[in-house]
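Each reported figure results from applying straightforward, stated rules to the coordinates on display, with no laboratory input. Remember, it's a predicted structure, so these values are computed and weren't measured experimentally. Ideal geometry is used to build each Cβ from the backbone, glycine not excepted, and the neighbour counts take in all protein chains shown.
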Amino acid sequence: MKVFKSFILSFNSMKYVAKIDVSLKSGHSNPESETTAHLLKELGYQVEKVDTSKVYTIALNASSLAEAEATAEEMSKRLLANPTKDIYTINVVEQ
């Protein structure tokens, strides 16, 4: 029965790609961004501000787009973003 159940679960699931962009909330110090802005100015670029973020690209299986989005949201809250200092955006597409 386990093999049959596993087959049904994999048959009903679709592949999705979630892109989760995690960046600092305004007001938090970002030394990487500040250093990059400074170095770009030294190279002669007219840069006012640089922001950095991390983008996680995650391939996952889910039975629907809504389930894939909910899973990406849960992953963001549980591991990828710190709610004290980070904001995040999620974009999920079917693959």
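Tabulated results
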read-out: Over the chain: helical MRE at 222 nm, DSSP H runs n ≥ 4 each giving -39500 (n - 2.57), nearest 500; value: -11000 deg cm²/dmol
read-out: On Cα atoms only, tilt of 65-75 relative to the major axis of the chain in degrees; value: 60 degrees
read-out: Acute angle (nearest 10 degrees) that the helix 2-12 long axis makes with the longest principal axis of the chain, alpha-carbon atoms; value: 60 degrees
read-out: Dipole magnitude of the range 20-95, debye to nearest 20 (Cβ charges: Lys/Arg +1, Asp/Glu -1, about Cα centre); value: 240 debye
read-out: Listed residues V17, S29, A62: farthest to the positive end of the dipole of the chain (Cβ charges); value: A62
read-out: Contact order normalised by residue count of the range 14-94, Cα under 8 Å, 6+ apart, percent; value: 53 percent
read-out: Angle in degrees between helix 31-42 and the longest Cα principal axis of the chain, rounded to the nearest 10; value: 50 degrees
read-out: Overall Cα dimensions of the chain - principal axes, largest extent first, Å; value: 65, 27, 19
